[in-house]
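So the structure is just underneath, and the comments pick up after that.
The values are calculated or read from the model by the stated rules, or taken from the named source; none is laboratory data. Nothing here was measured: the structure is a model prediction, and the numbers come from that model. Here the Cβ positions follow ideal geometry from the backbone for every residue, glycine too, while neighbour counts run over all protein chains shown.
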Amino acid sequence: MADAQWWQHAVGYEIYPKSFFDTNHDGVGDLPGIQAKISYLQSLGIDFVWLSAFYPSSQVDSGYDVIDYRNVDPQYGTLDDFMQLVAAFHAADIKVVIDLALNHTSDQHPWFQAALADATSPYHDYYVWRSATADQVPNNWESIFGGSAWTYVPELDSAYLHTFAEAQPDLNWENPAVRQAMAETIQWWADRGVDGFRLDGVTHLKKRQDFANVAHPRTDYYQDVTGTDAFLADLKPVLQRNQLFVIGEAGTIDQQTAQRWLDPERGFFNLLLEFDHVHFWERAEPKLPVAALRATLSKWQLGLEKVGWNALFIENHDLPRAVSYYGNASDYRRRSAKALGLWYLLMKGTPFVYQGQELGLPNANFTQISEYRDLDSRLYYQQQRAAGVPESQVLGQLAMKSRDNARTPMPWTHQQFGGFSDQQPWINMTPGTEQINVERESHDPHSVLTFYQQLIRLKKSVPALERGRYELIDTRDDQLFVYRRTLNGDNWLVVVNMSNQVATTQEFDLNTSELIFTNTEVDADSDDPQIQPWEARLYHLRKLE
């Protein structure tokens, strides 16, 4: 993959180091553990890995409260371990992308400690401060985690801004010195062989500078505020100079901004992780709104046609398990996990797989608040209980939505603790991993893992499935997701029933198609108009309907 746009032909894999594989017997995953599993990633067909936060941290927010941007948290290993890991990945022809949290640091970072110690220090202006008192914060802005976004420091008669946790003070991106420091950090890691970055929270960098009260206190002070482009422009030279692959986390981005940011000449990113399609699980609806999902994803597929490239994902370290919120983990776990894989991975774009997704791993379904480690989940529990919501109801909500569902240890074997460690892990295992693990799935020709391996090979071997035009076939129902991929007269059809009921193909003719791939263990009749619950089919069209 020597071409400049190698990522358009690639499949990525996100690793959450804390939960991947433990080699030093402390119940926490580590960098040598990742290196030990490179051959597994090769067998899956992975071209690049995205390593989530591994920096020294107070672990208030799972490593995204960074104390030192240029080192490795001791629980994961050493900087030498990281260098060896990069070398091993490169020897395996796998590129390395790392997280970089741009919006905030830890309150234990030396910059913030200097800012606290002396209001005249240059580092004081690395953060966002406003005059305040013990009884009066600067405005009504709220943290995403709840409560005021301001923390008062009596020694300074000021409050600092934190969009997230109190221990995560926001950096002041209006200060050129902050932008320069981040550019230097990017260069530092590029010098150590890193191939790219996933820039965390880029839509949070620009804040309203009038510091006025807002109508929606948790979002309006940073969402859709003009000026982020100027900040990103200061990072562009170092990114271009090192030919780095750049992914932007942009949860609230609109299409116009996305098109601008992805523009090959004027933009800043190769891929953007937009969240429009992953918000559906948050709704209190009894079933997945397939029609709305179709419309949303098609909007992005068509909106970026010829102007950008889509990032395809249904899981990451901040989301519950896809089979538990998009699919049916109780009655059709294996079949729906495969259906979801075929549905999203064969769209136009670069697919990401999150560790355990390729096994069809479901949510953890923790039953006690003591089992949760995620700050957001624990704060939500406290807030809801204080508001009088019954404990059973709150725990039921967390069992569906908590980020910890995706952060449980990767199950490698049927042994105790899933072969992840020989010690009690830092967080409990997902139940059922005696049956759902890499060892077992690797030897089962009908497993979810085997299906993903085959699916990734298909994606890479068929040009139309890589670069072909996406065309939605609107079935005008709330069950089927059907689309066509077309390149130079070569036409492929994806048909997925994303429901628990039989669906009927009424809008298209399957008689002119050859069934190539399906998630049913016994091949379905290729022209059967009855699509079974969570059945997925890939057809090669002999001619256009």
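For the range 220-245, enumerate the residues that are among the charged types (D, E, K, R) and under 22 Å from Ala149 (Cα atoms).
Asp220, Asp224
When only residues in the range 374-388 that are loosely packed, with under 14 Cβ neighbours inside 10 Å and of a type in the set (A, V, I, L, M, F, W, C) count, which is farthest from Ile427 (Cα to Cα)? Working first, answer last.
Of the residues in the range 374-388, the ones loosely packed, with under 14 Cβ neighbours inside 10 Å are 382, 386-388.
Remaining after also requiring of a type in the set (A, V, I, L, M, F, W, C): 386-387.
Details: Ala386: 25, Ala387: 27 Å.
Looking at the filtered set, the residue picked out is Ala387.
Just give me the residues in the range 421-449 being in contact with an Asp or Glu (Cβ under 6 Å, 6 or more places away or on another chain) and either assigned to a loop (DSSP other than H, G, I, E, B) or not assigned by TED's automatic domain parsing to the domain that holds Glu14 (or both), in sequence order.
Within the range 421-449, Ser421, Asn428, His446, Ser447 qualify.
Which of the numbered conditions does Ala101 fail, given that it passes all the others? Conditions: (1) touching a residue at least 60 places away in the same chain (Cβ under 8 Å); (2) buried (at least 20 other Cβ atoms within 10 Å of the Cβ); (3) farther than 16 Å from Val194 by Cα.
In the conditions (1) touching a residue at least 60 places away in the same chain (Cβ under 8 Å); (2) buried (at least 20 other Cβ atoms within 10 Å of the Cβ); (3) farther than 16 Å from Val194 by Cα, Ala101 misses (3) alone.
Which ones in the range 63-105 are touching a Pro at 6+ places or on another chain (Cβ under 8 Å), in a loop (DSSP other than H, G, I, E, B) and within 16 Å of Met182 (Cα to Cα)?
Listed by number, the residues that qualify are Ile67, Asp68, Asn71, Thr105.
Hey, any hits in the range 341-357 for a residue that's within 21 Å of Ile427 (Cβ to Cβ) and either in a helix (DSSP H, G or I) or over 17 Å from the mean Cα position of the chain (by Cα) (or both)?
Checking the range 341-357: at least one residue is within 21 Å of Ile427 (Cβ to Cβ) and either in a helix (DSSP H, G or I) or over 17 Å from the mean Cα position of the chain (by Cα) (or both).
Which members of the range 411-435 meet the condition of being farther than 14 Å from Gly27 by Cα, of a type outside the set (Ser, Thr, Tyr) and without any contact (Cβ under 8 Å) to a residue 60 or more places away in the chain?
Across the range 411-435, the qualifying residues are His414, Gln415, Glu434, Gln435.
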